[in-house]
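The values are calculated or read from the model by the stated rules, or taken from the named source; none is laboratory data. None of these values were measured; they are calculated from a predicted model. Every residue, glycine among them, receives a Cβ derived from its backbone with ideal geometry; neighbour counts consider all protein chains shown. SASA here: full protein model, heavy atoms, side chains in, ligands and nucleic acids out. Shrake-Rupley method; radii C 1.70, N 1.55, O 1.52, S 1.80 Å.
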Amino acid sequence: LPGPMSVRRWTTKHVAKWLKDEGFCDYVDLLCNRHRLDGTSLLALSEYDLRSPPLELKVLGDIKRLMVSIRKLQKQNLDVLEELGLPFDGHSPTGPGLEWLCNGEGVRDCDSTDTAPVGEEYHTNQYTNGKYKSAPRRLDPEYWKTALSSIYVVFVFGFTSFVMVIVHERVPDMRTYPPLPDIFLDSVPRIPWAFAMAEACGVILCNIWVLVLLLHKHRSILLRRLCSLMGTVFMLRCVTMFVTSLSVPGQHLQCSSKMYGDMWAKLQRAVAIWSGFGMTLTGVHTCGDYMFSGHTVVITMLNFFVTEYTPRNWHFLHTLSWVLNLFGIFFILAAHEHYSIDVFIAFYITTRLFLYYHTLANTRAYQQSRRARIWFPMFSFFESNVNGPVPNEYCWPLSRPTIMRRLIG
């Protein structure tokens with residue numbers, strides 16, 4: 001058997017003898033005969049290779065003992081590893097250690113998703129409680145794309161405000177077109193303060209999301225996704241509420257078609273709606289924009305982003321987010337500000353678009369396809385350089401405050 005310095009020249013027979021000497025006779029046929037493992041591939045072998053197809057070793061003790069033997073062999077052949085470009089940190093057979101720089105400061109053990117890696121950019125190097133743990137990878141923030149998505153959503157919100165002015169002028173006369181039959185509105189008495197509570201739920205969710213966004217390492221990608229999704233849903237809302245004008249859902253609204261005169265007056269009203277975020281808490285009152293509920297869209301979208309981009313074991317935050325979402329929807333209906341179908345369609349469209357977008361974003365094979373570029377051009381543009389799921393890693397947005405550095409090191 002060649003000496004340790006000649007492992008690179010080992011053949012499958014040498015590897016077979018090494019396995020027998022180390023006490024792994026049961027795996028000689030699998031590793032050497034069926035998969036032709038030589039000296040170079042033996043040095044590059046990782047625990048992930050042993051656990052995943054095509055090897056799929058099932059005995060945990062054998063996996064751990066074999067990795068101990070391989071690491072000893074790697075340690076004896078550091079020069080060969082360096083020559084082959086295979087790093088060795090003494091703990092993990094592949095990939096760098098867990099430390100990386102974030103805003104100029106060393107960060108260790110950042111939270112990551114428990115999702116198995118998608119795409120070749122992800123290198124899984126160890127297991128924790130039977131789950132995948134992914135080594136950090138470089139994701140380009142592409143701030144210019146985030147700026148474009150922000151401009152897009154601001155434009156859509158402004159356009160939505162203008163369409164709401166046009167819709168208000170076309171609202172059906174309440175004396176001629178009374179409220180439509182609605183099982184929920186007919187069964188549940190109106191609660192006057194409910195709509196303010198719905199907006200309060202939205203404000204709380206927004207504050208939670210802003211905090212998550214600021215602390216997330218990949219905040220630029222998250223903000224870009226939120227802007228693109230929110231802008232697309234509200235652009236669709238512009239079409240639906242302009243095409244179909246529903247009668248006012250409740251007599252308490254006292255809505256009537258209101259003419260704003262010339263174009264300048266319409267633009268001033270649209271700016272007032274836009275600057276007040278379309279919320280009654282800021283003094284904005286509109287009529288006719290029923291199909292579908294914008295408040296439901298915002299509350300639901302914020303809930304899904306909060307739960308998607310925080311660790312799965314943050315159960316309290318996820319429960320709180322869902323409670324705010326569901327109570328917000330209930331308060332919208334209890335205030336008799338929207339028909340039930342408005343809220344249902346808003347929830348369905350928002351959740352489907354969110355899930356479809358993230359399914360496509362996490363499926364690297366589809367991102368570069370011609371079909372995606374044709375049917376989802378904005379998605380293909382924004383997600384072209386994001387390969388696989390975005391890991392939930394956190395760091396300070398700027399330099400870590402001195403007082404926090406003293407507290408947590």
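Quick look at the values:
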| item | result |
| --- | --- |
| Net charge of neighbours whose Cβ lies under 15 Å from the Cβ of L333, counting Lys and Arg as +1 and Asp and Glu as -1 | -4 |
| Gain upon complete extension [A147, A196; 0.36 nm per residue less C-alpha separation] | 14.5 nm |
| Dipole magnitude (debye, nearest 20) for the range 311-375, charges at Cβ of Lys, Arg, Asp, Glu | 620 |
| T40-L215 FRET efficiency (beta carbon distance; Förster radius 30 Å; 0.05 resolution) | 0.10 |
| Burial order of peptide ranges 206-213, 45-52 (average beta-carbon count within 10 Å, highest first) | 45-52, 206-213 |
| Amide hydrogen neighbours beyond the local backbone of Y394, cut-off 5 Å, H modeled | D111, K217 |
| Estimated inter-spin distance, R9 and N33, nm [label 7 Å along Cα→Cβ] | 2.8 |
| Fully extended contour minus Cα-Cα distance, from S69 to R352, at 0.36 nm per residue | 97.0 nm |
| Heavy-atom surface of the range 7-84, accessible at 1.4 Å and reported per residue (Å²) | 57 |
| Carbon + sulfur, % of accessible area of the range 7-84 - ligands and nucleic acids excluded, 1.4 Å | 48 |
| Where the range 143-408 is the region considered: accessible area per residue in Å², 1.4 Å probe | 50 |
| Overall dimensions of the range 7-84 by Cα: Rg and Dmax, Å | 11.7, 32 |
| Relative contact order computed over the range 7-84 (Cα-Cα under 8 Å; 6+ residues apart), in percent | 29 |
| Cross-link pairs beyond the 25 Å C-alpha cut-off, checked among K72/K217; K145/K217; K20/K72 | K72/K217 |
| Equivalent ellipsoid, the range 143-408 (semi-axes from 5 times Cα gyration tensor eigenvalues, Å) | 35, 22, 18 |
| Centroid-to-centroid separation of the range 1-61 and the range 301-356 [C-alpha atoms, Å] | 51 |
| Projected label distance in nm at V154 and H285, using a 7 Å step from Cα toward the beta-carbon | 3.1 |
| Estimated vicinal HN-Hα couplings, Hz - the range 221-228 in sequence order (Karplus 6.51, -1.76, 1.60; Gly, Pro = x) | 5, 5, 5, 4, 5, 4, 5, 5 |
| Rounded percent of accessible protein surface that carbon and sulfur make up, the range 143-408, 1.4 Å probe | 71 |
| Gain in span if fully extended, S256 to K58, counting 0.36 nm per residue against the direct Cα distance | 64.2 nm |
| For the range 173-292: span of alpha carbons on each principal axis (Å, largest first) | 55, 41, 25 |
